[in-house]
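To start, the structure under review is shown below, and the notes come after it.
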Amino acid sequence: MASSSIHNLVHSKDTMHIATRPKITTLPTKNLFSSMPMRHTRSAKLSRSSPTRPALRAVAAGRPNAAREPLNELEESPIKIAIIGFGNFGQFIAGGIKRQGHIVLATSRSDYSEYCNQHGIQFFQSMDAICEEQPDVVLVCSSILSTESVLRAVPLHKLKPDTIFADVLSVKQFPRNLLLEVLPSGFGIVCTHPMFGPESGKHGWNELPFVYDKVRVSNDGMQARRCAQFLSIFEREGCRMVEMSCEEHDRHAAGSQFITHTIGRILSHLELESTPINTRGYETLLKLTENTISDSFDLYYGLFMYNVNASEQIENLDRAFEIVKQKLFGRLHDILRKQIVERVPMQGVPARGRETNISNYFLADAGKITTLSHFASPAQDESRADEATLSS
Ligand code: NAP
């Protein structure tokens, strides 16, 4: 495949967006990176003495919760992971990978070389350059919407024939099908979804769910070992490892994550503000709104567009809101009918007023109705004023 900057992947509709981005100076890979020492935050020796060593062998065997057994030979050689798409989440996940002593390479549509320099990560200006490094794992962290064009631009022939492709997309059936379609049969495929992000995982990943599906990984040999090493990163970080099919993930995620994001997005349009009397529930809503809008709209749109179960959930939400409204207005209707047709007095209306002032039983003038509470009980000021008039 011809040498291509990741910029070239983008659909024409994105052109204007790209034009506003900082210009990337493409340097020859060798000049840029040959003088750069491999930087590991934690040496193999350190990690062997770590009290939180994971069950590498158990993970390799698909038993992530089994008793912990070290695999020394795996721990001694860090793996090389190439992150494609180094935005918000790519940078966040790189932190955990580095903490576990592995080598992180990155490329993206935008230039993150400065950030990478500061964080001991090798940044490559093009797909070609990063693939020439022959990473063990290519970790796709691009937006859901751009993943297909990103993936189709990877020069696969430059990679090792048993390279593992993993992704972190928040939907799972779509990347699984895409990876199966695009990659040669020797390449491994592990679809993952860390169920947390830069906000929820900023204080550590302990007990946070990490969903994965080993879609296509050879049972033994180097690919199986590299896959085990890759998954062990998240287990070592304390994640709750959940092996689950991509279909099952999408079903659960539509009913949980998509609903959460949707409610957060709806609330964001209410422009809620903190008050001096916030309840715990309200604080939770404020936090939810803040977390939701810190993610890109592309991400949210991807959750909708690329999860077959999402539209059903939007309809469920719509129905649920209707039911709640019907409950409220239904009760209101009963009260109004009692007042208008049966002339049953309302609770809270003074007995004297009830006997003498029929206007209490009817709605206020249309012009005076400003809130729903006008429907539920007669305007107190008016009834008092009427009483005063009657008694004078
Ligand atoms: P995002 O808006 O979903 O994705 C941003 C990334 O996509 C950036 O790396 C960006 O590259 C790249 N990108 C966007 N449009 C592109 C295009 N037309 N061509 C090439 N690259 C393009 O935000 P994100 O939070 O970083 O999420 C990245 C992935 O992680 C998504 O698949 C998401 O579902 C998944 N994920 C996110 C979270 C989270 O909490 N944020 C949690 C779990 C999984 P540039 O930055 O170079 O422009």
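Throughout, read-outs are computed from the coordinates displayed, never taken from laboratory work. Given the structure is predicted, the values throughout are model-derived calculations rather than measurements. Virtual Cβ from ideal backbone geometry, glycine too; neighbours counted across all protein chains shown.
Peptide packing for 333-340, 244-251, 112-119 was compared via the average number of neighbouring C-beta atoms within 10 Å per residue; ordered from the highest value, the list is 244-251, 112-119, 333-340. A simple spin-label model places the labels of residue 132 and residue 286 5.3 nm from each other, with each point 7 Å out along Cα-to-Cβ. Normalised Debye scattering of segment 128-175 at q = 0.28 Å⁻¹ gives log10 I(q)/I(0) of -1.13, counting only Cα atoms as equal scatterers and leaving out solvent. Working note: Debye formula, equal point scatterers on the alpha-carbon atoms of segment 109-191, no solvent; log10 I(q)/I(0) at q = 0.19, 0.26 Å⁻¹ is -0.88, -1.41.
What is the gain in length, in nm to one decimal, between residue 199 and residue 99 on full extension, counting 0.36 nm per residue of separation less the C-alpha to C-alpha distance? Walk me through the numbers on the way to the answer.
Numbers: separation 100, 0.36 × 100 = 36.00 nm, distance 1.81 nm.
Between residue 199 and residue 99, full extension yields 34.2 nm more.
Taking every pair of alpha-carbon atoms in segment 250-299, give the share separated by more than 15 Å as a whole percent. When every Cα pair of segment 250-299 is considered, 48 percent fall beyond 15 Å. Annotation note: GluC sites (Glu not before Pro) in segment 151-227 located in DSSP loop regions with a Cβ neighbour count of at most 16 within 10 Å are 199, 207.
For residue 240, the amide hydrogen comes within under 5 Å of the amide hydrogens of 207, 208, 210, counting only partners 5 or more places away or on other chains and with H modelled in the peptide plane.
If R0 is taken as 45 Å, the Cβ-Cβ distance between residue 177 and residue 342 corresponds to a FRET efficiency of 0.15. Stokes-Einstein diffusion for segment 205-268, with the hydrodynamic radius set to the Kirkwood value over Cα pairs and evaluated at 10 °C in a medium of 1.306 mPa s, equals 116 µm²/s.
Quick check: net charge around residue 331, other residues with Cβ under 14 Å of its Cβ, Lys/Arg +1 and Asp/Glu -1?
Details: positive: 325, 327, 337, 338; negative: 334.
Around residue 331, the surrounding residues sum to +3.
The HN-Hα couplings worked out from phi for segment 199-215 by the Karplus form 6.51 cos²θ - 1.76 cosθ + 1.60 (θ = phi - 60°) are 7, 6, x, 6, 9, x, 10, 4, 6, 7, x, 10, 8, 8, 9, 7, 5 Hz, whole numbers, x standing for Gly and Pro. Overall, the ratio between the Cα radius of gyration of segment 124-254 and 2.2 N^0.38 Å, rounded to two decimals, is 1.03.
Multiplying each eigenvalue of the alpha-carbon gyration tensor of segment 208-342 by 5 and taking the square root yields semi-axes of 43, 20, 13 Å, largest first, rounded to whole angstroms. Shape class for segment 162-229, computed from the alpha carbon gyration tensor (a ≥ b ≥ c): oblate, with a/c not under 1.5 and a/b at or below b/c.
Checked against a 27 Å cut-off, the cross-linked pairs 172/325; 158/214; 158/202; 214/287 give Cα-Cα distances beyond that limit for 172/325; 158/202; 214/287.
Dipole of segment 172-258, Cα-centred, from +1 at each Lys and Arg C-beta and -1 at each Asp and Glu C-beta, to the nearest 20 debye? Mind dumping the intermediate values first?
Working: 10 positive and 11 negative charges, 41 e Å.
Around 200 debye, computed over segment 172-258.
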